[in-house]
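Okay, so here's the structure we're looking at.
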Amino acid sequence: MSQRDQRVGDSFGERFGALIARKRGIESWTQLQLAIEAFGENGRASTISDLESGRVKRPQQRTIDALAVALNLTSDDIDECRRPDRSPDDAYTRAYGESAALFRFVARMFGHHNPQASISDHVRFLEEAADSYQTLRGELTALRSEDASVVENVDRIEHALARGHIRDAQELLGRARTDTTTRFAEPVRQLVQLRTMEARVALFAQDADAAANHFATALRLLVELDPTVAADTGTEFIRQLLRHGAWFGGSAHCHAVRLARELFEATASAPSRHTHAIVCKQLADALARLAVNQASPDRTDTLHEAIDLYENALGHFEANDEAEYVATTLNNLGIVWQDLGETLGAHEGPRAFEHAIAAFERSLDGHEHRDDVEKQSETQNNLGCALHGLARLGQGADVVQLLNRAVDAFEESLLLRSLAAPGMEWASTKNNMGNALLGLAECATGAARAGYLKRAIDAYQQALIVRKPEEAPVLWAETQSNLGTALQKLGADNASSIGLETLRASVRAQEAALKVASDRALHRDWWSMVMNSLATSRYHLAERTTGAEKRALLEQATADYEAILMRLPQADASLLATTVKDNLSIMKQALGAE
């Protein structure tokens, strides 16, 4: 590929067209849908097509403006298209040089197809791919050493893998399985190994459906041979599908649940009750992952089923004094109760949060007995989140007490991690503590409120030392937005010039969060909440300014609120939608008074 072919394009129109195509893909819109959204007519779909193909070198300003509104483009997005020396790879190239392109190229060979992922994401993916590849090689070596009749097939498979021909390896493994089935009646274990390797190669090829079928066949063979071995091996199959689902989404989580259900039924009558308890926990883990992407009422039903399974497994572990399994299962049970509390809301949610808190506290007792500092820190963080979640649904003095307990739990978690270098878990706890302090500020006034806000700002700023936009863009945007909210509240409370500068810093923080997050498929409500906070900061700034600057800030805030309402369903009666409509009315009144 020539150097010119690697660039997006030389003209503004080509670069703007590439931007439109990318933003349209994030919204999952067709060209026809975008034409209706931007121009109000489907006959302009050809305009979108001409732009994205690079045929329009100098698009008209009214076309640019209409598409910018429809796709929520910022002025920085459009200015970037006017700079011929910039490309989407500039940030990577500056940080990593030519190795950035190499990382992406090699990752694509192994099935990584997310062009928006950071270099760190690509590196982690390749590290996992390398581990899986080495495991495959080791198992192929074992097959060769155990039976000379499969040596020829193994040599061919290894050769295909060494050259990166994943599809050829899949076909050869299929032939090897067929040969083994024909020539041997008894060596079930060898068939299981081949099916397992076929599944792993299918995962490399991004075929979760085929991988799940191979895992299921291997599992059925093992259940006939030894249910205890089947349980241990089956749980590893499920973990691999869950890990694949975490990376790529798709059907992997559903397959993991299906496989876990099959294993659960197969081991229900197993002589070892411990084996069945382990499988109960594994099925609950898979259901908890599946629930994350579900909507009510399916999500609620799935979470209830996971809770029942965890409690089933817990009864066995406690009866047999298996402290390690008890503590881990209690922590996972607490997480599911917490997710259920978030799902149920103000009416039934508090009871679920109380169950979560009780589970985390019992889990901490078990971790303390085993002196497991890392697990204690993780569970303390989870406990703080559950306390904060319950506080958000409460009222009165109890809220302050719950928030103070949450801050104590976060501080204890950080103290337990104090001997290790700050990592992503540490940064997550700092961000969570900032949220709890922000909640305490809402319950306080005067100097106490300012003190909580300053502590929250400090916690967010420390988290941002670890959460970097190039390594963890979504997490960075989350914390940056939280920082902007805390700065907004502190600035609005301070009538001096310091308050004015604090409000300006709030606007910068929120704009930076939206800019980094705009290229990623984040939850729409998150985007709306950040935009609402940004517009509110602009309104507070407008109250401190005069003349043209004041009017510009009010117009920007009005545009922000209108953009939020365009994304929300027309019949949306949520608290967010109501708040935005009220704020928009205030903005229009303020503009009318100017």
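How much length, in nm to one decimal, is gained on full extension between Arg508 and Val400, taken as 0.36 nm per residue of separation minus their Cα-Cα distance? Please report the intermediate quantities before stating the final value.
Details: separation 108, 0.36 × 108 = 38.88 nm, distance 3.04 nm.
This chain segment gains 35.8 nm when fully extended.
Apply the a/c threshold of 1.5 to the C-alpha gyration tensor of segment 381-498 and tell me whether it is rounded, prolate or oblate. Could the numbers behind the result be given before it?
Values: a/c = 1.92, a/b = 1.17, b/c = 1.64.
Verdict is oblate for segment 381-498.
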* Give me the accessible area of Lys57, 1.4 Å probe, in Å² rounded to the nearest 10. => 100 Å²
* How much of Thr228 can a 1.4 Å solvent probe reach, expressed as accessible area in Å² and rounded to 10? -> 60 Å²
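So what is the relative contact order for segment 357-498, in percent, with contacts set as C-alpha pairs under 8 Å and at least six apart? Provide the component values of the computation, followed by the final result.
Numbers: 163 pairs, mean separation 25.1, N = 142.
Result for segment 357-498 is 18 percent.
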* To do: Quick one: net charge around Thr267, please, counting Lys, Arg +1 and Asp, Glu -1 for every other residue with C-beta under 14 Å from its C-beta.
  => -1
* **In nm, spacing of pseudo-spin labels at Glu411 and Glu127 (7 Å Cα→C-beta vector)** => 3.3 nm
* Structure fact -> Of all C-alpha pairs within segment 308-361, those more than 15 angstrom apart amount in percent to 45 percent
* **Exposure of Leu221 as accessible area (Å², to 10), given a probe of 1.4 Å and all protein chains** => 50 Å²
* To do: For segment 440-449, take each phi angle, set θ = phi - 60°, evaluate the Karplus expression 6.51 cos²θ - 1.76 cosθ + 1.60, and give the result in whole Hz per residue in order, putting x for glycine and proline.
  => 5, 4, 5, 9, 10, 9, x, 5, 4, 4
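The values are calculated or read from the model by the stated rules, or taken from the named source; none is laboratory data. Since the structure is predicted, the reported quantities are computational estimates derived from the model, not experimental observations. Reconstructed Cβ throughout: ideal geometry from the backbone, glycine too, with neighbour counts over all protein chains shown. For the accessible areas, the whole protein counts, side chains as well, though only heavy atoms, and no ligand, DNA or RNA atoms are used. Shrake-Rupley method; radii C 1.70, N 1.55, O 1.52, S 1.80 Å.
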